[in-house]
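Written below as structure tokens is the structure these notes are about.
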Amino acid sequence: MLYRYAFLVKNLRGVIAAMDDDRLSDWASWLSKRFRYRDLGVPGCLLEKHREVFEGRLGGNPFHRLEYPTSRVDAVAKEMARRLAGITGLDECVAHSLLLASAYASPVIALPRAAEGLASSIIAVHVVRGSRMGAREARLHLRIVDYTVLDAYVESVEEARRAIGSRDATGLRARRVERARRDEKRYWRVMGKGDTLVIIYLDHVSPLIESGYAPPTGPEESVLLAQLAAFNLGSVEA
């Protein structure tokens with residue numbers, strides 16, 4: 001339902017990304033205790049694989065099952081996720097976490113193994129390393145990474161649409177690297193104070209262009225094209 005989508009776009013704090021070996025049950029319990037009054041999104045593919053983990057925790061406690069806003073966006077996202085998995089070697093469900101984060105103008109909240117996979121993949125354009133943090137600092141930095149995505153959302157979607165039209169993957173990646181390097185100063189509280197992976201800036205569009213696939217750029221499908229950032233939950237002292 002579109003009204004539910006509107007509510008979540010307004011309130012969502014991030015979209016969970018997890019690999020099979022990410023101790024999802026432990027992290028879901030930790031998030032439920034420490035982020036109880038925040039709204040976190042979970043892709044349907046993750047719920048289907050780990051239904052027991054989220055039992056009693058959906059509907060805003062703090063998790064919500066996420067759907068794509070329209071059937072057209074859903075169809076394009078499935079094709080993009082399939083291709084991204086093939087290009088990157090990442091789990092296709094992780095690819096859906098990225099695409100849902102773009103559709104909901106939200107950051108990715110990556111469990112440790114997923115964060116490591118994203119950081120070492122070709123879609124990573126920049127990383128921030130720093131000190132480990134407690135739950136209070138983590139809540140602060142989740143708000144900050146939300147603004148990282150939101151502040152650049154319209155501009156990053158529009159530049160992706162232009163790049164797809166001109167098949168300019170190199171130029172798109174360069175712009176996204178530059179934006180990430182400008183943006184990293186938001187994380188001054190932890191940046192450079194350790195070697196823990198904290199934030200991963202992502203560009204999932206230019207590798208698709210390089211592979212020969214031009215994602216659709218219509219008024220609905222364009223919500224899948226934003227530049228993204230992921231917060232590594234492994235940077236938090238659980």
statement: Checked the stretch 203-238 for anything surrounded by fewer than 18 Cβ atoms within 10 Å (Cβ to Cβ), under 27 Å from W27 (Cβ atoms) and of a type in the set (A, V, I, L, M); matches are A238
task: Determine the pairs where a residue that is surrounded by 16 or more Cβ atoms within 10 Å (Cβ to Cβ), located within the stretch 184-196, has a partner that is among the polar types (S, T, N, Q) and modelled with pLDDT of 95 or more with Cβ atoms under 7 Å apart, the partner being 6 or more residues away or on another chain.
output: R186/T148; V190/S131; T196/S131; T196/S235
task: Could you tell me which numbered condition E159 fails, if it satisfies all but one of (1) in contact with a Lys or Arg (Cβ under 7 Å, 6 or more places away or on another chain); (2) of a type outside the set (V, I, T); (3) in a helix (DSSP H, G or I); (4) within 25 Å of P43 (Cβ to Cβ)?
output: (4)
message: Restricting to the stretch 82-101, count the residues that are touching a Ser or Thr at 6+ places or on another chain (Cβ under 9 Å) and farther than 26 Å from D26 by Cβ.
response: 3
message: Given the condition in contact with an Asp or Glu (Cβ under 7 Å, 6 or more places away or on another chain) and either β-branched (V, I, T) or closer than 12 Å to L225 by Cβ (or both), answer yes or no: does some residue in the stretch 178-196 qualify?
response: no
message: Within the stretch 17-25, does at least one residue satisfy the condition of being at pLDDT 95 or above, closer than 19 Å to L228 by Cα and outside any helix (DSSP H, G or I)?
response: yes
message: Suppose we filter the stretch 216-238 for residues that are at pLDDT 95 or above, touching a helix residue (DSSP H, G or I) at 6+ places or on another chain (Cβ under 6 Å) and part of a loop (DSSP other than H, G, I, E, B); how many remain?
response: 6
- prompt: Among the residues of the stretch 71-117, how many are within 19 Å of G41 (Cα to Cα), charged (D, E, K, R) and touching an Asp or Glu at 6+ places or on another chain (Cβ under 7 Å)?
  reply: 1
message: For the stretch 30-48, which positions are in a helix (DSSP H, G or I) and surrounded by 14 or more Cβ atoms within 10 Å (Cβ to Cβ)?
response: W30, L31, S32, R34, G44, C45, L46, L47
task: Please find, among S29, S97, S106, S120, the residue that is over 25 Å from E220 (Cβ atoms), within 17 Å of the chain's Cα centre (by Cα) and not acidic (D, E).
output: S120
query: Are any residues in the stretch 64-103 within 18 Å of R13 (Cα to Cα) and free of Cβ contacts under 8 Å to residues at least 40 places away in the same chain, and if so, which ones?
result: R65, Y68
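The values are calculated or read from the model by the stated rules, or taken from the named source; none is laboratory data. Because the structure is predicted, anything quoted here is derived from the model rather than measured. For neighbour counting, all protein chains shown are included, and Cβ atoms are generated from backbone atoms with ideal geometry for every residue, glycine included.
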